[in-house]
């Protein structure tokens, strides 16, 4: 997994798509805000319910958008809601990866961090396999990231400088940086897929 190549490919993929990607991000942000505002009126559980209902589906939507961009498919504004057609599966993947990561973190911080990268491809797998059982997505993510968790960790670190740029520009730079990061991670998933399939074939 060549970090430089992943990033260069991401830059090429988002070129000419920044406008529609910003619109999709804006739609998701506005709908999430309204959902939190409305459900937040419910005492105690309202704000939690909002994140549980909308976050997993929107996460799946975003991943689908960037996987399509990696394939050369231009996104549309309606793609912001594409994850809701597999809402329940997205919820289960999000819940279980969060739960497992938390349980590992109870041992020490490091195991929790390691498992974060181990489970990081679960939602990508679901994005390409609608309705796939959550535990299967998690299992395949663990197999896919075996031997590559450090690569993913370093990839994340490489965006720290961009994060500072977003901060000092009051978020304006995020219009380009966020798509750049998302496209890079979509490329990372695509780069890891052949390795996982090859290992599976050898095992058989």
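P(r) tail for the stretch 1-148, what percent of Cα pairs lie past 21 Å? Here the tail beyond 21 Å accounts for 53 percent of pairs.
Starting with the fewest neighbours, write out 65, 114, 38 ranked by other beta-carbon atoms found within 10 Å of each beta-carbon. Numbers along the way, then the final one.
Numbers: 65 28, 114 17, 38 11.
In increasing order of surrounding Cβ atoms, one gets 38, 114, 65.
The protection proxy used here, the mean number of other Cβ atoms lying within 10 Å of each residue, ranks peptides 161-168, 172-179 as follows, highest first: 172-179, 161-168. Taking other C-beta atoms within 10 angstrom as a stand-in for reagent exposure, 150, 121, 144 fall in the order 150, 144, 121, fewest first. Dividing the convex hull volume of the alpha carbon atoms of the stretch 90-151 by its residue count gives 66 Å³ per residue.
Evaluated at q = 0.16, 0.22 Å⁻¹, a Debye calculation over the C-alpha positions of the stretch 39-119 (equal weights, vacuum) places log10 I(q)/I(0) at -0.77, -1.00.
Within 10 Å of each residue's Cβ, count the other Cβ atoms and sort 124, 185 from fewest upward. Walk me through the intermediate numbers first.
On the way: 124 25, 185 21.
By the 10 Å Cβ count, ascending, the order reads 185, 124.
As a calculated quantity, the FRET efficiency between residue 81 and residue 169 at R0 = 35 Å, using C-beta atoms, amounts to about 0.75.
Laboratory data are not the source of any read-out in this text; all were calculated from the coordinates shown. Quantities reported herein were computed from a predicted structural model and do not represent experimental measurements. Cβ sites come from the backbone with ideal geometry, for glycine too, and all protein chains shown count toward neighbours.
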